[in-house]
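Colleague: One structure, as structure tokens, below. Some questions next.
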Amino acid sequence: MSDLRNLIEQLVLQTLQELRPGFPEIRPLVEVSQVKNTSNNYGKRVPLVAANWKMNQLSASARAFVLELQKLDRKNVQTVICAPHILLPVISAVRKEADLLLGAQNFYPETAGAFTGEHSLDMLADAGIQTVIIGHSERRNLFGEQDQLLARKLAHAMAHDFLPIFCIGENLAERKDGSTFRVLHNQLITGLSEIKAPFPDPEKIVLAYEPIWAIGTGVNATAEQAEEVVAFVRERLSEKFSYAYAEKVRVLYGGSVNEKNAASLAAKPNIDGFLVGNASLKVSTFMSIIEQTAACKRRV
Ligand code: PEP
């Protein structure tokens, strides 16, 4: 019965979306407050832990990392390694398991052409890559990537059957002056704006809440702060898509996650895993985060 209700709800919302693109004022048929309560069903979402190596590792260390990681039983946690482009073929060559996803940290949303220094998704697919990070604060702030480009990248990745990890996050000034939720709402809604009905499978998009003040600082968001934002993100997804859709989207937390704080964050019902920077450079630490995530999600 609830499946039928979900289906009807999705069809109604998609029809409305087609008739009136960008209809943010139309409310979902399910009360938003229900989203928080029913997210306790972990069986629906497979946890995901992604390494963001940024501009780190060389071919020998990258190869050794992936070989070691594959000794770990990771069947309950989808694992992604996002490596620098030049290392992607290196790690692809030693990857033995299809369920270890490889990701790029950047691409350009065109098929081919005069885009010096860029890589297309076809090139990444050709190198055995399935995942891409989009909207990371370092791309937004150091390389000037704006919301409109990020929206194009997200829609392009989904249309090309890549699993995007779309990042949003507020800076410290925004957190302090109380504009966190406004900033995140804008980043999220603009980021999703190029995704049109019929919507892709909810399992094929991953969001990551990455407060800028927590990235690389050693100061993580508390589990309560992260859960509050991730629940907010799920509510916005419910408005954009549907309640049933939002329930299936994985939402990660990222920002100074390590083997000491992973368990308390993973114990929160809406947090489906992590995007890990510094702590993903050492394989034993990264494996500990994966194991703790699996253990927490099994318990809840
Ligand atoms: C990141 O860059 O995505 C990140 C979360 O970094 P760190 O874990 O080092 O804070």
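Colleague: To test your reading of the geometry: what angle, between 0 and 90 degrees and rounded to tens, separates the Cα axis of helix 283-299 from the longest principal axis of the chain?
Modeller: Rounded to the nearest ten degrees, it is 30.
Colleague: Could you give the longest part of the chain that holds none of the GluC sites (Glu not before Pro) found in DSSP loops with at most 15 neighbouring Cβ atoms within 10 Å?
Modeller: Longest gap between qualifying sites, sites excluded: 119-300.
Colleague: Related question: Rounded, prolate or oblate: which fits region 40-134 when a ≥ b ≥ c are the square roots of the eigenvalues of the alpha-carbon gyration tensor, with rounded for a/c under 1.5 and prolate only if a/b beats b/c?
Modeller: oblate
Colleague: Something else about it: Equivalent-ellipsoid semi-axes (√(5λ), Cα gyration tensor) for the chain, whole Å, largest first?
Modeller: Calculated on Cα positions only, the semi-axes equal 28, 23, 19 Å.
Colleague: Note down the Stokes-Einstein diffusion coefficient of region 170-300 in µm²/s, whole number, using a Kirkwood radius over alpha carbon pairs, 25 °C, and 0.890 mPa s.
Modeller: Values: Rh = 15.3 Å.
Estimated via Stokes-Einstein, D reaches 160 µm²/s.
Colleague: Considering the chain as a Gaussian network with a 10 Å cut-off on Cα pairs, which listed residue, 132, 90, 77, attains the greatest mean-square fluctuation?
Modeller: 90
Colleague: Using 0.36 nm times the number of residues separating residue 222 and residue 183, minus their current alpha carbon distance, what extension gain do you get? Don't skip to the end; give the middle numbers.
Modeller: Working: separation 39, 0.36 × 39 = 14.04 nm, distance 1.91 nm.
Between residue 222 and residue 183, full extension yields an extra 12.1 nm.
Colleague: On to the next question. Neighbour counts of other C-beta atoms within 10 Å: give me 212, 86, 165 arranged from fewest to most.
Modeller: Details: 212 20, 86 11, 165 28.
Placing the least packed residue first, the sequence is 86, 212, 165.
Colleague: Quote to one decimal, in nm, the extra length available between residue 99 and residue 201 on full extension: 0.36 nm per residue of separation minus the C-alpha distance between them. Let's see the in-between values first.
Modeller: Values: separation 102, 0.36 × 102 = 36.72 nm, distance 1.83 nm.
The residue 99-residue 201 span can extend by a further 34.9 nm.
Colleague: Which angle between 0 and 90 degrees, to the nearest 10, do you get for helix 59-69 versus the longest principal axis of the chain when only C-alpha atoms count?
Modeller: The two axes meet at around 60 degrees.
Colleague: Please state the relative contact order of the chain as a whole percent: Cα pairs under 8 Å, 6+ residues apart? Let's see the in-between values first.
Modeller: On the way: 534 pairs, mean separation 67.8, N = 300.
23 percent.
Colleague: For 283, 230, what's the fewest-to-most ordering of other Cβ within 10 Å of each Cβ? Mind showing how you got there, number by number?
Modeller: Values: 283 18, 230 24.
Ascending number of Cβ neighbours within 10 Å: 283, 230.
Colleague: Given a 10 angstrom Cα cut-off, can you work out which residue in 288, 179, 242 is the most mobile in a GNM of the chain?
Modeller: Maximum among the listed residues: 179.
Since every read-out is calculated from the coordinates, none of them should be taken as a lab result. The shown structure was predicted, so the numbers you read here are calculated from the model rather than taken from an experiment. Here the Cβ is made from the backbone with ideal geometry for all residues, glycine too, and neighbour counts use every protein chain on show.
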